[in-house]
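Participant: Let me begin by handing over the structure; questions about it come next.
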Amino acid sequence: MMPCRSLVWQRWLGGFLILAVLGLSVALIICAVKANSKACKDGLLAEEECHGVTRLLEIQLTQAREGLLRTEVQAATCNETVVTLLASLEMEKAQSQEWLSKREEFRGEIEELKHKLQNASAEVERLRKGTETSSKKKEIASASSSEALSPLVVSVHLLLAFVALLA
């Protein structure tokens, strides 16, 4: 009967050892879970912080893209304005050249008209001196010169008015 008792005793000891190992395992698992739960909470907080920072960076990136788009639109508008202004400048230069050309043309005409006026004045003076030489010729010349000079005087006045308008 002894061997039976030792068998029961061995079973109790084996059961006790199994229960002790299981108890220690459960205690270790509970400790590990408690330790991991703090680490888990810290990890979750870090993850939430990371998501918050990521959202903030996404918002800033969106704002930067919108700002870049606005700047590109403004640059395109500025480029169009520059092209328009350059075209206007070229047109103004061409018109200015045309005006300078016409001015030179008018100056030439004015010089020609001045020369004609001087010739006409010299002719009037020559006629006046010729008529003063004789009294008889003076009356005849005076009457005819009045009639002859009338269109000449009118032409001179018209020429002077034209020169005044051009200046």
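Participant: Find how much the distance from V82 to L45 grows on full extension, using 0.36 nm per residue of separation minus their present alpha carbon separation; answer in nm with one decimal. Spell out each step's value before the answer.
Facilitator: On the way: separation 37, 0.36 × 37 = 13.32 nm, distance 5.47 nm.
The V82-L45 span can extend by a further 7.8 nm.
Participant: For the stretch 57-66, take each phi angle, set θ = phi - 60°, evaluate the Karplus expression 6.51 cos²θ - 1.76 cosθ + 1.60, and give the result in whole Hz per residue in order, putting x for glycine and proline.
Facilitator: Listing the rounded values in order: 5, 5, 4, 5, 5, 4, 5, 5, 5, 4 Hz.
Participant: Continuing with the same structure: Ordered by residue, what ³J(HN,Hα) values in Hz, to whole numbers, does the stretch 13-19 give under the Karplus form 6.51 cos²θ - 1.76 cosθ + 1.60, where θ = phi - 60° and Gly and Pro are x?
Facilitator: Couplings: 5, x, x, 4, 5, 5, 5 Hz.
Participant: Please work out the FRET efficiency for the pair V73 and A94, using the Cβ-Cβ distance as r and a Förster radius of 41 Å; give the result to the nearest 0.05.
Facilitator: Numbers: r = 32 Å, r/R0 = 0.79.
About 0.80, to the nearest 0.05.
Participant: Just subtract the alpha-carbon distance of E58 and L160 from 0.36 nm times their residue separation and send over the number in nm, one decimal.
Facilitator: Working: separation 102, 0.36 × 102 = 36.72 nm, distance 8.10 nm.
Once the chain is fully extended between E58 and L160, it gains 28.6 nm.
Participant: Under a plain spin-label model, where a point goes 7 Å from the Cα along Cα-to-Cβ, how far apart in nm are R126 and E112?
Facilitator: 2.2
Participant: Which whole-Hz couplings ³J(HN,Hα) result when phi for each residue of the stretch 94-107 is put into the Karplus expression 6.51 cos²θ - 1.76 cosθ + 1.60, θ = phi - 60°, listed in order with x for Gly and Pro?
Facilitator: Values, residue by residue: 4, 5, 4, 4, 4, 5, 4, 5, 5, 4, 5, 4, 5, 4 Hz.
Participant: Around V163, with a cut-off of 13 angstrom between Cβ atoms, what is the net charge of the other residues, counting Lys and Arg +1 and Asp and Glu -1? Spell out each step's value before the answer.
Facilitator: Numbers: positive: R107, K114, K116; negative: E109, E111, E112.
Here the charged neighbours net out to 0.
Participant: Tally Lys and Arg at +1 and Asp and Glu at -1 over the other residues with C-beta under 14 Å from the C-beta of L113: what net charge comes out? Working shown, then result.
Facilitator: On the way: positive: R107, K114, K116; negative: E105, E109, E111, E112.
Net local charge, L113 excluded: -1.
FYI, it's all coordinate maths here, none of it is from the lab. Computed from a predicted structure; not experimentally measured. All Cβ positions, even for glycine, are placed from backbone atoms using ideal geometry, and neighbour counts span all protein chains on display.
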